[in-house]
Amino acid sequence: LARGGLERDLAGRHVVISAGGTREPLDPVRFLGNHSSGKQGYALAATAAARGARVTLLSANATLPDPAGVDVVHVSTALQLREAALKAVLDADAVVMAAAVADFRPAEYATGKIKKVDGVDQPPITLVRNPDILAELSADRARPGQLVVGFAAETDDVLANGRAKLARKGCDLLVVNEVGGGKAFGQDTNAAVLLGADGAEVAVPDGPKEALADRIWDEVVARLG
Ligand code: CTP
Ligand code: CA
């Protein structure tokens with residue numbers, strides 16, 4: 001993948017990207033899921049490969065074609081994504097968590113279809129918290145100097161929420177999207193603000209998801225030793 005004018009500034013690097021949205025099964029016919037299409041994560045994978053990186057893409061239920069030259073690992077649940085991520089980051093220079101991870105999963109999987117019961121209004125589903133993969137990868141870096149990047153979809157006070165989330169997660173960069181009103185999910189364009197733990201604040205105007213991906217890699221390359 002040669003691209004005019006762009007350096008192969010990720011040559012010799014291994015980057016790990018999660019994409020899509022996890023699904024948490026309830027019973028054989030139902031799951032808890034979200035609207036993430038996987039397009040931003042796939043754009044990150046394709047652009048990193050074009051810049052010379054070895055790329056591992058952890059794809060959660062995205063229905064997009066595997067990008068050329070990228071090692072794709074298909075997962076479904078948050079627990080499967082965590083397991084695949086912990087393994088993939090062992091020799092990674094950077095990891096970008098673009099996937100929408102379910103915060104909760106059903107406490108148990110029903111092997112038969114869950115039925116409602118006449119006269120019982122209480123929903124028969126109990127949820128438990130999923131592990132926070134991004135926080136875990138940030139707290140226990142698999143390698144010294146490994147760069148960890150998160151995403152945040154926010155409404156209301158987008159920047160204040162983003163700054164608070166960056167501090168809470170402990171990652172190096174947070175890509176903050178404003179969502180709602182048809183923004184981001186499933187679209188081919190995306191606008192964002194990149195917040196750095198070092199205080200950086202880079203506004204990326206609405207444009208193709210590949211353009212945002214390239215800006216994210218610019219910030220990653222600038223911070224890699
Ligand atoms: N993330 C993760 N594991 C989770 C939840 C989220 O790794 N269990 C990652 C996402 O991949 C994303 C970042 O954390 O990179 C932020 O996700 P978000 O849902 O915005 O953060 P939460 O901490 O779950 O906050 P909220 O309560 O706003 O949903
Ligand atoms: Ca969440």
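Bear in mind that the values in this text are calculations on the coordinates, not laboratory data. As the structure is a computational prediction, the values presented were derived from the model and not from experiment. Glycine also receives a Cβ, built like all others from the backbone with ideal geometry; neighbour counts cover every protein chain displayed.
Once the chain from residue 63 to residue 127 is taken as fully extended at 0.36 nm per residue, the excess over their C-alpha distance is 20.4 nm.
From Cα pairs below 8 angstrom and at least 6 apart in sequence, can you work out the relative contact order of the range 111-225, rounded to a whole percent? Once divided by the residue count of the range 111-225, the mean separation gives 18 percent.
Placing a label point 7 Å from the Cα of residue 135 along the Cα-to-Cβ direction, the residues of the range 94-121 whose backbone N falls under 16 Å from that point are 101-105. Checking the a/c ratio against 1.5 first, then a/b against b/c, what shape does the Cα gyration tensor give for the range 87-194? Oblate is the answer for the range 87-194, as a/c is 1.5 or above yet b/c matches or exceeds a/b.
Across the chain, the relative contact order, built from alpha-carbon pairs under 8 Å that are at least six residues apart, equals 19 percent.
Which residue, 86, 32, 127, tops the fluctuation ranking in a GNM of the chain built on C-alpha contacts under 10 Å? Judging by the Gaussian network model, the answer is 127. What angle, in degrees between 0 and 90 and rounded to the nearest 10, separates the Cα long axis of helix 209-223 from the longest principal axis of the Cα atoms of the chain? Helix 209-223 sits at roughly 60 degrees to that axis. Which value at 222 nm does the chain reach when only helices count, each DSSP H run of 4 or more adding -39,500 (n - 2.57), with the total divided by all residues and rounded to the nearest 500 deg cm²/dmol? After summing the helix terms and dividing by the residues of the chain, the value is -8000 deg cm²/dmol. Based on C-alpha pairs under 8 angstrom that are at least 6 apart in sequence, the range 81-151 has a relative contact order of 51 percent. Close amide H pairs (under 5 Å, H built 1.01 Å from N) link residue 147 with 94, 95, residues at least 5 positions away or on another chain.
In this structure, the amide hydrogen of residue 75, modeled 1.01 Å from its nitrogen in the peptide plane, lies closer than 5 angstrom to those of 59, 60, 61, counting only residues at least 5 positions away or on a different chain. Can you bin the range 151-225 into rounded, prolate or oblate? Criterion: square roots of the alpha carbon gyration tensor eigenvalues sorted a ≥ b ≥ c, rounded for a/c under 1.5, prolate for a/b above b/c, oblate for the rest. It is oblate, given that a/c is not under 1.5 and a/b is not larger than b/c.
Near the amide H of residue 37, under 5 Å away, which other amide H atoms are found, from residues 5 or more places off or on another chain, if H is placed in the peptide plane? Those qualifying (amide H under 5 Å, at least 5 residues apart or on another chain) are 186.
The overall shape of the range 1-132 is prolate: from the C-alpha gyration tensor, with semi-axes ordered a ≥ b ≥ c, the ratio a/c is 1.5 or greater and a/b exceeds b/c.
Lys-Lys pairs in the chain that are eight or more residues apart or on separate chains and whose Cα atoms lie under 30 Å of each other come to 13. Principal-axis analysis of the Cα atoms of the chain puts helix 39-50 at an angle of about 30° to the longest axis. In the chain, the longest principal axis of the Cα atoms and the axis of helix 78-88 are about 30 degrees apart.
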